[in-house]
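Written below as structure tokens is the structure these notes are about.
The values are calculated or read from the model by the stated rules, or taken from the named source; none is laboratory data. Fair warning: this is a prediction, and the values are worked out from it, not measured in the lab. Reconstructed Cβ throughout: ideal geometry from the backbone, glycine too, with neighbour counts over all protein chains shown. These area figures cover heavy atoms from the full protein model, side chains too; ligands, DNA and RNA do not enter into them. Shrake-Rupley method; radii C 1.70, N 1.55, O 1.52, S 1.80 Å.
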Amino acid sequence: MDSIRADSLIKQFGKVQALDGVSVEVAAGELFFLLGASGCGKTTLLRCIAGLETPTSGTIHFGERDVTQLPPHKREAAMVFQSYALWPHLSVERNVAFGLEERKVAKDEIRKRVGEALELVHLAGLGDRGIDQLSGGQQQRVALARALVVRPKCLLLDEPLSNLDAKLRIEMRREIRRIVKEGGLTGVYVTHDQEEALSMADRMAVLNRGRIEQLGTAEEVYRNPHTAFVSGFIGETNLIKGRTIEVRGEFVMVDTAGGPLVGRVTKPDWTPGPGAEVLLSIRPEAWRLDTGGGENGVTGKIIERSYLGQRIQYVVETAAGPQQVVELNPLLVRDPGEQVVKLSARHADVAVLEA
């Protein structure tokens, strides 16, 4: 396995700057996610790492090797595409063997390595089948086996689960993580699916307009967003406008349309001054529907309810605007129109962000 390091990458397509000085380091053996909306630069960054695009400036290292100008087949990296790109006229076995045949590997070695790759992706015994005889999930596994059979040091994945149904996506998330860890690979995975990233990533980078907005573990990015964009993109959140009243260390009292609320500054090296405009980010599960007192109280009325099995989601109209509220395993189901005495959230669960 190799670490991957990108330093000050810039990539321009004519007048469009897809990457704007991106620097990131992926540790050896890490499953790292590039996350962002369409057009943010995540796929361009992956293609530069793979060697399918050459950066306008900047460098890429695999371990100590500068691979910036190396062609893809000399980088010891394998890529799995969104479309799978399987040969429909070849069997499963021949699809997996294709890369080894191109490399002129001996037939006995090909047979052995194809068998190992199919076993790793739980497709042992299906080598003789045609691609059209496989389910979508099985086709995804063939694409993975084809990438793994060349024994890469790095596995690059470009939205590999986007064509699968919800149940298969959840199953394949576990499988891909298992394969990366058992295979001793360094994985870089592109997606716009926040839940996918939160459930699989060792660490992630959230990109916006060709730049990295935040780097960190799933918990760090979710619990401590540095910007309103990150807070809104990673999971659902409620954003409330306000002005600071008082600053005490990392905690800030903010005047909002719903009354004063206290939150925690989550961006390093930034503290709002008195009277500064800020945004408060409060996750739906951080709000509690109370009948008594509590931290950060806001009154409101339930205007919408959605039953989602293990949880109930409410929309509560407040003076600070409509608030999404999620109750897990609720003991009491509340009806729309019910007056809520108080909506409350712990100070530590309210993120104070730059407006």
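Once a ≥ b ≥ c are taken as the square roots of the eigenvalues of the Cα gyration tensor of segment 191-244, is the result rounded (a/c under 1.5), prolate (a/b larger than b/c) or oblate (a/b not larger than b/c)?
Prolate is the answer for segment 191-244, as a/c is 1.5 or above and a/b outweighs b/c.
For segment 91-160, what does the alpha-carbon gyration tensor say about shape, rounded, prolate or oblate, given a ≥ b ≥ c as the root eigenvalues, a/c under 1.5 as rounded, and a/b over b/c as prolate?
It comes out oblate by the Cα gyration axes.
Arrange the peptides 193-204, 105-116 so that the one whose residues have, on average, the most other Cβ atoms within 10 Å appears first.
Result, highest mean first: 193-204, 105-116.
Using the charge dipole of the chain (Lys, Arg: +1 at Cβ; Asp, Glu: -1 at Cβ; taken about the Cα centre), state which of Tyr314, Val121, Gln214 has its Cα farthest towards the positive end.
Going by the Cα projections, it comes out as Val121.
Tell me the volume per residue, in Å³, of the convex hull enclosing the alpha carbons of the chain.
That works out to 163 Å³ per residue.
Bin width 10 Å, origin at 0, all Cα-Cα pairs of segment 200-355: what percent of pairs per bin?
Taking all Cα pairs of segment 200-355, the binned fractions are 11, 39, 33, 16, 1 percent.
Reachable aspartates and glutamates from Lys167, Cα under 15 Å, same-chain residues fewer than 8 places away excluded?
List returned: Glu175, Asp193, Glu195, Glu196.
How large is Rg over Rh for segment 22-154, taking Rg from the Cα atoms and Rh as the Kirkwood inverse mean of 1/r across Cα pairs?
Computed over Cα atoms, the ratio is 1.00.
Loop-only chymotrypsin sites (Phe, Trp or Tyr not before Pro) in segment 262-326, please: DSSP not H, G, I, E or B, and at most 11 other Cβ atoms within 10 Å.
Those that pass, being in a loop and sparsely packed, are Trp270.
Ranked highest first by average number of other Cβ atoms within 10 Å, how do 144-150, 59-65, 296-302, 33-39 line up?
144-150, 33-39, 296-302, 59-65
Provide the net charge surrounding Ser38, with neighbours chosen by a C-beta distance below 14 Å and charges set as Lys +1, Arg +1, Asp -1, Glu -1.
Local net charge: -1.
Which one, Ala348, Ser83, Leu168, projects farthest toward the positive side of the charge dipole computed for the chain from Cβ point charges (K/R +1, D/E -1)?
Toward the positive end, the furthest listed residue is Ser83.
So what is the accessible area of the chain per residue, in Å², with the probe set to 1.4 Å?
It amounts to 47 Å² per residue over the chain.
In bins 5 Å wide, starting from 0, what share of all Cα pairs of segment 88-206 does each bin hold, as a percent?
For segment 88-206, the binned pair fractions read 2, 11, 22, 22, 21, 12, 6, 3, 0 percent.
Ignoring ligands, DNA and RNA, what percent of the accessible area of segment 84-228 is carbon or sulfur (1.4 Å)?
46
Rg to Rh ratio, segment 275-334, alpha-carbon atoms and Kirkwood radius?
Value, to two decimals: 0.99.
Which residue, Leu185, Gly273, Leu156, has the largest displacement toward the positive end of the dipole of segment 151-273 when charges sit on each Cβ (Lys, Arg +1; Asp, Glu -1)?
Value: Leu185.
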